[in-house]
Amino acid sequence: MKIRVLIFSIIVFLSACQSTPEMPTEQALETTTPLYLKKVYYDGQSDDLLTAGLSLAELRSAQGPELSALPTATELRRSAYYHQFKALNDVSEAGGFGRLYGFDENIHAIAGTEYWQQRAVADNAYHTIVVQIPDSFNVANPCLLVAPSSGSRHVLGSVATTGTWGLLNNCAVVYTDKGTGTQMSLSANQSDGQVYAIDGTLVDADNPLAEATRLPVNNGLQVIQKQAFSAVHPEQYWGEFVLDATRYGLAVLAEEVDSSFNSNKVSVIAASISNGGGAVLRAAELDKDQLIDAVVAAEPQLNLDYQYQIKKGPDNQTIKTQSLIELGTLLGVYEPCAALHPSLNEAPFKANTALIQSWLMQRCLVLQTSGLLATDATDLPAAALDKLLQAGISKEALSMAQINTLSHMWASIGHTYINSYLQTKPTDQLCGVVFSGMGQMGQARALTETETRTMFAKGNGIAPGNGIEVAGLGDNGEPDKRLMMHPNFGFDAQQCFYNKARSQEIQAAIKAIQLDADLGQTPTVILHGIADGTVAINHASRAYFTKNQSSENANQNLRFYEIENVQHFDAFLAYPGFNAQFVPMHPYIEQALDMMWVHLKEQKPLPPSQYVATKNRATTEAGVADLESDNIPAINLQPSQTIQADNDALEYPSHD
């Protein structure tokens, strides 16, 4: 019982990552109107573009904005803003938000107009686009910030990361969900025949705002979400989605602000994190029309086919890159066992995984009996850990092993991405894994009406989120309980995903998402945290930078900044264990965008590629000290620890 309650509390934690206001005016257009489906003006009093009318104190509060039983688009949007800020940032004062980066309590609301549209870049490959034009838009020096969502999030998935920089610098911002989002299939008793609209409300299927993607019908407990089951493998179009959003943003500016505005007159920066970071780099590679002037990508999810060497002092390491799904399924198999290794005892959430140690040891034993660990191995956690290190997973990244194991993150990624790549049907129930609503004790259940109606506000397009978790199947083919509660910590499913990720049938889908690392000479900044336990730095940013700089067409305007003590999710830093061991990525994203803007406008050189040595927050008997500026030193114009790449080798000349 204690274990089940503990896991429930962890899932809740992971899902989180005034007077009555005057409602903004909304205008829904007929489908024949080419420019937008919905146009909303926010006056900066009751609502705005930056925070949806929420103060910093409200963004920091434990509870989000109230939602009515039948939430309006305005309510869903405001709640979505709250949950995006909480899921992607540590907004606490102790964590530095409002003092060292971000915006403080005195920030003025940003009035302006928002435009919603839905477009396709290929047959059935739809994405939702939102353009925001602030009243403070600088018509004399116009700029457009292109911000695709991170992860599997919906169209507002970057409002709390790069979108804030654009608005605070008087730019227009264009968002795209890149073909992902919180849309899910609704059964008849959930919706009375209605479907999700692009703004998250439930509408009749013929409503102009209705999602154009039609998902397979859902009749049981299984949750059918867009990225996994749209049957178009949307990741292969992430670059096209970003370019299409850019064109649309420029078209809205030309129609609504100044007809002379085009890519020659408007400075365009494409910037995002994680999957969105990978999407902007892919867009830059495809940008034959030179729409994008600059790129900033933080912790980008990148897939390459490349081999190179990492040289640090006397140490050389050869890396043969693997895709996210190959690495994710490898980690899904071995990381639960490796989490028992003593070297990971100080990792955050170790005390929690200690309570399921017997389950994790079962995983170790089945790895050995199935031949995935040597039969003569006596220290199974060490053997599992070695498998991950040999694959090029960095030691620093394995500090996330405990939280990854507790959340069953790799099973969630395996379910979403492999189903998407193979364009399966939900009835295939690939590897015996589905998403389902989940009760507190880990038993599968139907989603509530509240969860269904608030998916846009609180969901994230993947599990865990807003009641949705990874489930295994019972004998009747229906979801029965959390996957981790199945034998050997869900081993059969994870092994199945592992094999699928290496099968011949998936190779074409993986090849379709591989990047060339050819950016032309587009000014580009890539940032990555050394301790990223989700997107492996050796297989993503380090490989991409090295491949580009080793080519005949090396981008002389490409910079790569590695940040020490940074992992993938800034939101985790609000919690014990994480706050003492890690520092945020967000201030470095802001600095990179500032530097890029100055580079574009004043032709000032970008600082050289470098390793940024950060400093953990002090820990005393009173607790963890507040984050200060010396914990997050700036990217330096004259760095002491440079990074160089050439001849398929990444070198750290001054690194110990």
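Residue check: is Thr213 more than 18 Å from Thr72 (Cβ to Cβ) and at pLDDT 95 or above? If you could, list the steps in order and put the result at the bottom.
Details: more than 18 Å from Thr72 (Cβ to Cβ): yes; at pLDDT 95 or above: yes.
Considered against the rule, which asks whether it is more than 18 Å from Thr72 (Cβ to Cβ) and at pLDDT 95 or above, Thr213 comes out as yes.
Ile462 - would you say it is assigned to a loop (DSSP other than H, G, I, E, B), at pLDDT 95 or above and either farther than 30 Å from Phe545 by Cα or among the β-branched types (Val, Ile, Thr) (or both)? Please lay out each step first, then the result.
On the way: assigned to a loop (DSSP other than H, G, I, E, B): yes; at pLDDT 95 or above: yes; either farther than 30 Å from Phe545 by Cα or among the β-branched types (Val, Ile, Thr) (or both): yes.
When the stated conditions are applied, Ile462 passes them.
Please pick out the residue among Val155, Val131, Val159 that is assigned to a strand (DSSP E or B) and open to solvent by less than 20 Å² (accessible area, probe 1.4 Å).
On the way: Val155 fails: assigned to a strand (DSSP E or B); Val159 fails: assigned to a strand (DSSP E or B).
From the options Val155, Val131, Val159, the qualifying one is Val131.
Restricting to helices (runs of 4 or more DSSP H) lying wholly in the range 280-375: which have 1 or more residues that are under 20 Å from the mean Cα position of the chain (by Cα), crowded, with 19+ Cβ neighbours inside 10 Å and β-branched (Val, Ile, Thr)?
Numbers: elements: 324-338, 350-353, 357-369.
Output list reads 324-338.
For the range 99-128, enumerate the residues that are under 14 Å from Thr51 (Cα atoms) and either in contact with a Lys or Arg (Cβ under 9 Å, 6 or more places away or on another chain) or open to solvent by 50 Å² or more (accessible area, probe 1.4 Å) (or both). So that I can check it myself, show each step before the final result.
Initially, the range 99-128 is screened for residues under 14 Å from Thr51 (Cα atoms), giving 102-114.
Correct list: Asp104, Glu105, Asn106, Ile107, His108, Ala109, Thr113, Glu114.
Only one of (1) in a strand (DSSP E or B); (2) surrounded by fewer than 17 Cβ atoms within 10 Å (Cβ to Cβ) fails for Ser259. Which number is that?
Only one criterion in (1) in a strand (DSSP E or B); (2) surrounded by fewer than 17 Cβ atoms within 10 Å (Cβ to Cβ) is unmet by Ser259, namely (1).
Look at Gly414 and say whether it is open to solvent by less than 10 Å² (accessible area, probe 1.4 Å) and either in a loop (DSSP other than H, G, I, E, B) or at pLDDT 95 or above (or both).
On the way: open to solvent by less than 10 Å² (accessible area, probe 1.4 Å): yes; either in a loop (DSSP other than H, G, I, E, B) or at pLDDT 95 or above (or both): yes.
Against the criterion (open to solvent by less than 10 Å² (accessible area, probe 1.4 Å) and either in a loop (DSSP other than H, G, I, E, B) or at pLDDT 95 or above (or both)), Gly414 qualifies.
If a residue has to be in contact with a helix residue (DSSP H, G or I) (Cβ under 9 Å, 6 or more places away or on another chain) and assigned to a loop (DSSP other than H, G, I, E, B) to count, how many in the range 510-537 make the cut?
Within the range 510-537, residues that are in contact with a helix residue (DSSP H, G or I) (Cβ under 9 Å, 6 or more places away or on another chain) and assigned to a loop (DSSP other than H, G, I, E, B) number 18.
If Gly166 satisfies every condition in (1) farther than 30 Å from Ala231 by Cβ; (2) open to solvent by 20 Å² or more (accessible area, probe 1.4 Å) but one, which is the exception?
Among (1) farther than 30 Å from Ala231 by Cβ; (2) open to solvent by 20 Å² or more (accessible area, probe 1.4 Å), the lone unmet condition for Gly166 is (2).
What single numbered condition from (1) at pLDDT below 95; (2) of a type outside the set (Phe, Trp, Tyr); (3) open to solvent by 50 Å² or more (accessible area, probe 1.4 Å) fails to hold for Ser46?
So the condition that Ser46 fails would be (3).
Out of the range 538-582, which residues are open to solvent by less than 10 Å² (accessible area, probe 1.4 Å) and more than 21 Å from the chain's Cα centre (by Cα)?
Scanning the range 538-582 gives Thr546, Asn548, Asn555, Leu558.
Could you please give the count of residues in the range 418-449 that are of a type in the set (Ser, Thr, Tyr) and open to solvent by less than 10 Å² (accessible area, probe 1.4 Å)? Walk me through how you get there before you give the answer.
Of the residues in the range 418-449, the ones of a type in the set (Ser, Thr, Tyr) are 420-421, 424, 427, 436, 448.
In the following step, the residues that additionally are open to solvent by less than 10 Å² (accessible area, probe 1.4 Å) were identified as 420, 436.
The qualifying residues number 2.
Restricting attention to the range 481-494, does a residue exist that is among the basic types (Lys, Arg) and within 22 Å of the chain's Cα centre (by Cα)?
Initially, the range 481-494 is screened for residues among the basic types (Lys, Arg), giving 481-482.
Going one step further and asking which of them are within 22 Å of the chain's Cα centre (by Cα), we end up with none.
For the range 481-494, residues among the basic types (Lys, Arg) and within 22 Å of the chain's Cα centre (by Cα): absent.
Is there any pair linking a residue in the range 630-656 that is within 21 Å of Tyr308 (Cβ to Cβ) and of a type in the set (A, V, I, L, M, F, W, C) to one that is at pLDDT 95 or above and assigned to a helix (DSSP H, G or I), with Cβ under 6 Å and at least six apart or on different chains, and which?
Correct list of pairs: Ala645/Phe545; Ala645/Thr546; Ala645/Gln549; Leu650/Arg542; Leu650/Thr546.
Which condition number does Pro605 fail, the rest of (1) open to solvent by less than 70 Å² (accessible area, probe 1.4 Å); (2) over 21 Å from Leu573 (Cα atoms) being met?
For Pro605, the failing item is (1).
Out of curiosity, is Val252 within 30 Å of Pro142 (Cβ to Cβ) and touching a Pro at 6+ places or on another chain (Cβ under 7 Å)? Don't jump to the end; show me each part of the working.
Values: within 30 Å of Pro142 (Cβ to Cβ): yes; touching a Pro at 6+ places or on another chain (Cβ under 7 Å): no.
Here the answer is no, as Val252 does not meet what is asked.
Which residue is nearest to the chain's Cα centre (by Cα), if the candidates are limited to the range 604-633 and must be assigned to a strand (DSSP E or B) and among the hydrophobic types (A, V, I, L, M, F, W, C)?
Pass one, the range 604-633, residues assigned to a strand (DSSP E or B): 610-612, 619-620, 623-624.
Next, from what is left, pick out any that are among the hydrophobic types (A, V, I, L, M, F, W, C): 612, 624.
Working: Val612: 23, Val624: 27 Å.
Result: Val612.
Here's a check for you: in the range 478-502, which residue that is open to solvent by 40 Å² or more (accessible area, probe 1.4 Å) and outside any helix (DSSP H, G or I) is farthest from Gly432 (Cα to Cα)?
Filtering first and then ranking leaves Arg502.
Tell me whether the range 583-593 contains one or more residues that are more than 21 Å from Thr161 (Cα to Cα), in a loop (DSSP other than H, G, I, E, B) and within 27 Å of the chain's Cα centre (by Cα). Even if it seems obvious, please write down each step before you answer.
Taking the range 583-593 as the starting set, the residues that turn out to be more than 21 Å from Thr161 (Cα to Cα) are none.
Checked against the condition, which is being more than 21 Å from Thr161 (Cα to Cα), in a loop (DSSP other than H, G, I, E, B) and within 27 Å of the chain's Cα centre (by Cα), the range 583-593 yields no hits at all.
The values are calculated or read from the model by the stated rules, or taken from the named source; none is laboratory data. Just so it is clear, the model here is predicted, and its values are computed rather than measured. Note that each Cβ is placed from the backbone with ideal geometry, even for glycine, and that neighbours are counted across all protein chains shown. Surface areas here come from the heavy atoms of the whole protein model, side chains and all, with no ligands, DNA or RNA. Shrake-Rupley method; radii C 1.70, N 1.55, O 1.52, S 1.80 Å.
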